[in-house]
1. Applying 1/(1 + (r/R0)^6) with R0 = 25 Å to the Cβ-Cβ distance of residue 90 and residue 137, what FRET efficiency is obtained, to the nearest 0.05?
2. At a 10 Å Cβ-Cβ cut-off, how would you order 243, 307, fewest neighbours first?
3. How big is the C-alpha Rg of the range 216-313 next to the rule-of-thumb value 2.2 N^0.38 Å, as a ratio?
4. To make sure I understand, if each residue's beta carbon is the centre and we count other beta carbons within 10 Å, what order do 286, 199 fall in, fewest to most?
5. How large are Rg and Dmax for the range 42-88 when calculated on the C-alpha trace, in angstrom?
6. Using r as the Cβ-Cβ distance of residue 223 and residue 271, and R0 as 35 Å, what FRET efficiency do you calculate, to the nearest 0.05?
7. State, to one decimal in nm, how far the label point of residue 144 lies from the label point of residue 297, with both points 7 Å from Cα in the Cβ direction.
8. Taking neighbour counts of Cβ atoms within 10 Å as a proxy for exposure, in what order, fewest first, do 257, 45, 210 appear?
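Computed from the coordinates by the stated procedures, all read-outs in this text should not be read as laboratory data. Computed from a prediction, not measured in an experiment: that's the story for all the values here. Don't worry about glycine lacking a Cβ; one is built from the backbone with ideal geometry, like all the others, and counts go over all protein chains shown.
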Ligand SMILES: [Zn+2]
Ligand SMILES: [Zn+2]
């Protein structure tokens, strides 16, 4: 099996919404920028510079990418119209659920969780991570209650093609941003890892299943499976050396993935994505929504507030 990443006419490969979404949002600084926009209403370059500690050239690059992707838009400052600020578009605002799921996962599954922003439902006062519900039937949903339908021809393109982004914050820059999303980056900070974790959430277990779904080299696959195991997202059942399954920590990433996939369909409404998630008990294609654990009410950005964590000692 030797599938070329290019179509027969030699043109550029069609955009894969899931791959493009992982490329754009699977990035520490991008998530930090969105987080500051949601938590403290940050819109200005200097505020972001101060709050993320990112080098200004890297920050400029990332803000430009987010403008190009339609997540932020430049808007003239009322007082000095020759300068501008960056405000969330509707598409940008709909990354809110992804951030909420990432923060919730970090609070529950990582040592630094206590320093992540906290979700508070205004109506009932409940504080803490939300759960995922099916918007069609209103029931709570986890990876166990869903079937993932994949286009065999389309899924592999998740990992083909050149990555758009080339700049990264190096660890020596030691900005706060660098630490903030460390744990989740193991799962979404790389196309391969993102695709493997997604497949595991879809029920893939065996080495060969991952390999045939992704058209990945055995060396790369072994490397990513090892990394995901070290990160305690996957584990090997005792007595099996070619099988991997999600740990509870890995399964808890379900919310992050379903909202990433939903967002990819919003960002690329005219492109059919490579996979659909079906809620087994009601039969609907899953439109995920967040639900308050305290009172079971649906939670959206207008019904909840995000409180920033206390300052780290
Ligand atoms: Zn349902
Ligand atoms: Zn509530």
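1. On the way: r = 26 Å, r/R0 = 1.04.
Step by step, r from the Cβ atoms, then E = 0.45.
2. Working: 243 15, 307 12.
Fewest-to-most Cβ neighbours within 10 Å comes out as 307, 243.
3. Values: Rg = 18.1 Å, N = 98, 2.2 N^0.38 = 12.6 Å.
Output field value: 1.44.
4. Details: 286 25, 199 20.
Fewest-to-most Cβ neighbours within 10 Å comes out as 199, 286.
5. Values for the range 42-88 (Cα only, Rg and Dmax): 10.5, 27 Å.
6. Numbers: r = 30 Å, r/R0 = 0.85.
Here the calculated transfer efficiency is 0.75.
7. Roughly 2.9 nm, to one decimal.
8. Going from least to most buried by this count: 45, 210, 257.
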